[in-house]
Amino acid sequence: MVSESINTAIIVIAGIILASMVSAMLLSQISVIDSSMRLIIKSAQNKISTQISIVLVSMNTSTTKYFVIYAKNTGSRAISQQELVQSDVYLQDSAKTILLLYSSSGGLGKWNYTESVQNGIWDVGETITIKAFNATSLSIPTRIVFVLPNGVSAEYQYTG
């Protein structure tokens with residue numbers, strides 16, 4: 001009889017230990033899933049509140065030809081300087097597409113920007129001036145696409 005009680009007690013203790021190990025493992029996984037879901041939701045909120053528009057494009061025909069692009073932040077959040085410099089500008093005509101990467105000094109195959117309010121942030125409602133220095137001649141019409149790192153983009157068809 002005593003041996004039966006001891007066996008039952010050992011089985012009950014082992015069951016409790018096993019149940020606590022399983023619950024600890026589940027709780028840690030729930031924490032990981034919760035963190036992942038929070039990041040996904042924050043990223044989605046960021047993308048939803050971001051919106052940009054290309055208002056006007058012109059061609060500067062001085063010694064170095066380049067596109068002058070006026071882009072406006074029409075979203076509900078400011079865009080940081082870090083996001084801006086990680087953005088891409090694409091120029092496309094009927095034969096080719098060119099990717100321009102940011103360079104503060106500009107130069108062929110690069111783009112740079114100037115804020116209308118010099119504070120290092122592209123504020124809501126602010127228009128920035130982008131200079132896109134294409135190294136290859138493009139035929140008209142030229143499609144211009146500006147893409148932020150979060151995937152939000154704006155495009156404009158330049159017809160001359």
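The values are calculated or read from the model by the stated rules, or taken from the named source; none is laboratory data. This structure is a prediction, so every number in the text was calculated from the model and none was measured. Positions of Cβ are generated from backbone atoms using ideal geometry, with glycine treated the same way; all protein chains shown enter the neighbour counts. SASA here: full protein model, heavy atoms, side chains in, ligands and nucleic acids out. Shrake-Rupley method; radii C 1.70, N 1.55, O 1.52, S 1.80 Å.
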- Query: With every protein chain in place, what's the accessible area of LYS65 (1.4 Å probe, Å², nearest 10)?
  - Reply: 120
- Query: Where does the charge balance sit around THR114 when Lys and Arg score +1, Asp and Glu -1, over other residues with C-beta under 15 Å from its C-beta?
  - Reply: 0
- Accessible surface of THR159 - all protein chains present, 1.4 Å probe, nearest 10 Å²: 100
- Message: I'd like the Karplus ³J(HN,Hα) series for the range 45-60: coefficients 6.51, -1.76, 1.60, θ = phi - 60°, whole numbers in Hz, and an x wherever there's a Gly or Pro.
- Response: 4, 4, 5, 5, 7, 9, 8, 10, 9, 8, 7, 7, 9, 9, 10, 8
- Query: Got a sec to turn the phi values of the range 73-85 into Karplus ³J(HN,Hα) couplings, 6.51 cos²θ - 1.76 cosθ + 1.60 with θ = phi - 60°, whole Hz, x for Gly and Pro?
  - Reply: 7, 9, x, 10, 9, 6, 10, 6, 4, 4, 5, 4, 6
- Note on the structure: Computed, not fitted: 222 nm per-residue ellipticity of the chain from DSSP H runs ≥ 4 (each -39500 (n - 2.57)), nearest 500, equal to -11500 deg cm²/dmol
- Message: Within the chain, how many Lys pairs that are eight or more residues apart, or on different chains, come under 21 Å at the alpha-carbon?
- Response: 9
- Message: From the mean inverse distance of alpha carbon pairs (Kirkwood) and the Cα radius of gyration, derive Rg over Rh for the range 8-66.
- Response: 1.66
